[in-house]
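Novice: Dumping the structure here so I can ask a few things about it.
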Amino acid sequence: MDLRKAYTFTGIPVEEITGSLAELLPPTAFKPIATKTYLTDINTGHMLERATEVFGPRGIGWGLSYEPDHMIIMDNDVKLNDEGGKKKARPTARLAYAKFWFMLYGADGEGFKAEIITSGASQNEIEFAEEGARTAAIGSALKSLLFQNEVYKNELKEAQAEQRKEEQAERAKQAPPAAQPAPKPVAQSAGSLPSIMFSHPMTKEAFVAAVAKALNKPEPDAVVMVKTALVTAGAKYDPEKPDQAVALIKKHFGLN
């Protein structure tokens, strides 16, 4: 199999794995570590969701394998106060050696199991400590594949600021365009009439002159009256019969 052309169970090409894992999670995925607020913790649910998106279902597209004796429970007799004032054992579970694996497939469907050596530890009540150790081991392996790399480079704030800019730009693209004011009508100069009124546009000037004379109006006024009474009607008029236009103009303006 040519691993350079392989892809994961979900169809992601091998060269896109690190980029897909590094793609920044939403702000809700991050929180300061309680005992070390200068460090950032990544929410487990978000981490497992991203691993599933990239590699497929756990146990099929990826998983964590280890021998039972590699899970070591230490300090089981240490008792710490909980919020209720009762003392409970909070041992440290240490997964000393494990293999994080994920499947790759060639064009012919042949599978290849890629493996990363990892480990992890967690201090908690015994029923949570072992799961915490497994989660830590998974996180350590994904870290080596550049999972949320901006966090480990201490560049999370800068990356989130850039992410917000990109989201705002995307929302701006999807927003409906702002309503634009209607264009103002362009004033027509004296003797300027749309050619569509006439069968022979070159006779516009003669037409305007004839109408102005018949109405006993200056030519600029005649232009306005022609536009109002005739252009609005959307009809063409014979430039050789301006009397027809004069009759409609008189009717429109109530002239005798």
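Novice: Take the conditions buried (at least 17 other Cβ atoms within 10 Å of the Cβ), out of contact with any His (no Cβ under 8 Å at 6 or more places or on another chain), assigned to a helix (DSSP H, G or I) and at pLDDT 75 or above and apply them to ALA133. Does it pass? Before you say what the answer is, go through the steps one by one.
Specialist: Numbers: buried (at least 17 other Cβ atoms within 10 Å of the Cβ): yes; out of contact with any His (no Cβ under 8 Å at 6 or more places or on another chain): yes; assigned to a helix (DSSP H, G or I): yes; at pLDDT 75 or above: yes.
Criteria met by ALA133.
Novice: Do the conditions hold for THR118, that is, is it part of a helix (DSSP H, G or I) and in contact with a helix residue (DSSP H, G or I) (Cβ under 8 Å, 6 or more places away or on another chain)?
Specialist: On the way: part of a helix (DSSP H, G or I): no; in contact with a helix residue (DSSP H, G or I) (Cβ under 8 Å, 6 or more places away or on another chain): yes.
When the stated conditions are applied, THR118 does not pass them.
Novice: Those residues that are surrounded by fewer than 16 Cβ atoms within 10 Å (Cβ to Cβ), small (Gly, Ala, Ser) and under 21 Å from LEU145 (Cβ atoms), I need them from the range 97-128; list them, please.
Specialist: Of everything in the range 97-128, those that are surrounded by fewer than 16 Cβ atoms within 10 Å (Cβ to Cβ), small (Gly, Ala, Ser) and under 21 Å from LEU145 (Cβ atoms) turn out to be GLY106, GLY111.
Novice: Select from the range 106-149 the residues that are aromatic (Phe, Trp, Tyr) and in contact with a Gly (Cβ under 8 Å, 6 or more places away or on another chain) and write down the one among them that is nearest to ASP41 (Cα to Cα). Before the answer, list the steps.
Specialist: Quick first cut of the range 106-149, residues aromatic (Phe, Trp, Tyr) only: 112, 128, 147.
From the residues that got through so far, the ones that are in contact with a Gly (Cβ under 8 Å, 6 or more places away or on another chain) too are 112, 147.
Details: PHE112: 32, PHE147: 13 Å.
Once the filter is applied, the top-ranked residue is PHE147.
Novice: Among the residues of the range 215-240, write down those that are in a loop (DSSP other than H, G, I, E, B), among the charged types (D, E, K, R) and either farther than 16 Å from GLU205 by Cβ or modelled with pLDDT of 70 or more (or both). Let's see the steps before the verdict.
Specialist: Keep residues of the range 215-240 that are in a loop (DSSP other than H, G, I, E, B), which gives 216-218, 232-236, 238-240.
Still in the running and among the charged types (D, E, K, R): 217, 236, 238, 240.
If the condition is that a residue be in a loop (DSSP other than H, G, I, E, B), among the charged types (D, E, K, R) and either farther than 16 Å from GLU205 by Cβ or modelled with pLDDT of 70 or more (or both), then LYS217, LYS236 are the ones that fit.
Novice: Just one of (1) surrounded by fewer than 11 Cβ atoms within 10 Å (Cβ to Cβ); (2) of a type in the set (Asp, Glu); (3) at pLDDT below 70 trips up ASP69, so point out which.
Specialist: Tallying (1) surrounded by fewer than 11 Cβ atoms within 10 Å (Cβ to Cβ); (2) of a type in the set (Asp, Glu); (3) at pLDDT below 70, ASP69 fails exactly one: (3).
Novice: A further question on this structure: Restricting to the range 17-50, and then to whatever is out of contact with any helix residue (DSSP H, G or I) (no Cβ under 7 Å at 6 or more places or on another chain) and among the basic types (Lys, Arg), can you tell me which residue is modelled with the lowest pLDDT?
Specialist: LYS36
The values are calculated or read from the model by the stated rules, or taken from the named source; none is laboratory data. Bear in mind the structure is a predicted one, so any value in this text is a computation, not a measurement. FYI the Cβ positions are ideal-geometry reconstructions off the backbone, even for glycines, and counts take in every protein chain you see.
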